[in-house]
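A short worksheet on the structure shown next.
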Amino acid sequence: MNIVIMQYLSILEERQLKQDVTQVLQEVIEHIDYDANRFVKIETGNDGYITSVYYDSAYLQEVMHLIIVEAQDTLQEVSEFVYEMKLGMFTRNIYLANTGPIVHLKLKTQPYLQAALNVKMEPYGLNNTLLMIGVDVHVHVYTVSPLIHQTVMLTCYIPLVIQIVTGKTPIGYTNQLQE
């Protein structure tokens, strides 16, 4: 096998796999039922200052577990993907590489999923904070096709809550160290 063909097949498999896995994860997220209002609780004092912003980590872990279980089951069911390449790739001639009939190659996969919560708070204008809570899904896929086998690692960010926290922020913190 020509090294150029192997590299091309590797890139083709990885691109096709990213598209298919991302599509499966989007379908899984659409079918999971969760209450976004339970994630974040904001408390303000009588003077209008924000006293605390916290999130329900137990409920976040529960939703993250549902996402991983559903995605793992769906990817196990759809463990066979088909990708296409031109027959001219096997001629070892760069001028004929994109010619000829299309050959369909089956790709068998063995996925393994991991997830981690991703919570970010960033300044967003004056007296506003952007709160983003999501799940980073790491997908390790071992692929086997007639011509090549490899392990592909993909990372997808799935946002669960994007919220702007509006209110007066305190100038200093009570737990601040004195110099």
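The values are calculated or read from the model by the stated rules, or taken from the named source; none is laboratory data. If you're wondering where the values come from, they're calculated on a predicted model, not measured in any experiment. Please note: Cβ atoms are built from the backbone with ideal geometry, for glycine as well, and neighbour counts cover all protein chains shown.
Is it the case that some residue within region 33-45 is surrounded by 11 or more Cβ atoms within 10 Å (Cβ to Cβ) and out of contact with any strand residue (DSSP E or B) (no Cβ under 7 Å at 6 or more places or on another chain)? Within region 33-45, one or more residues are surrounded by 11 or more Cβ atoms within 10 Å (Cβ to Cβ) and out of contact with any strand residue (DSSP E or B) (no Cβ under 7 Å at 6 or more places or on another chain).
For region 50-68, which positions are out of contact with any Phe, Trp or Tyr (no Cβ under 8 Å at 6 or more places or on another chain) and either surrounded by 14 or more Cβ atoms within 10 Å (Cβ to Cβ) or of a type in the set (S, T, N, Q) (or both)?
Across region 50-68, the qualifying residues are Ile50, Thr51, Ser52, Val53, Ser57, Gln61, Met64, Ile67, Ile68.
Could you tell me how many of the residues in region 70-118 are modelled with pLDDT of 85 or more, in contact with a strand residue (DSSP E or B) (Cβ under 6 Å, 6 or more places away or on another chain) and part of a strand (DSSP E or B)? Matching residues across region 70-118 total 7.
So that you can scan it fast, the table gives a plain yes or no per residue for (1) under 30 Å from Pro146 (Cβ atoms); (2) β-branched (Val, Ile, Thr); (3) without any contact (Cβ under 8 Å) to a residue 40 or more places away in the chain:
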| position | (1), (2), (3) |
| --- | --- |
| Arg38 | no, no, yes |
| Tyr59 | no, no, yes |
| Ile67 | no, yes, no |
| Glu70 | no, no, no |
| Phe81 | yes, no, no |
| Leu87 | yes, no, yes |
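Among the residues here, Leu131 qualifies as closer than 21 Å to Cys156 by Cβ, modelled with pLDDT of 80 or more and surrounded by 12 or more Cβ atoms within 10 Å (Cβ to Cβ).
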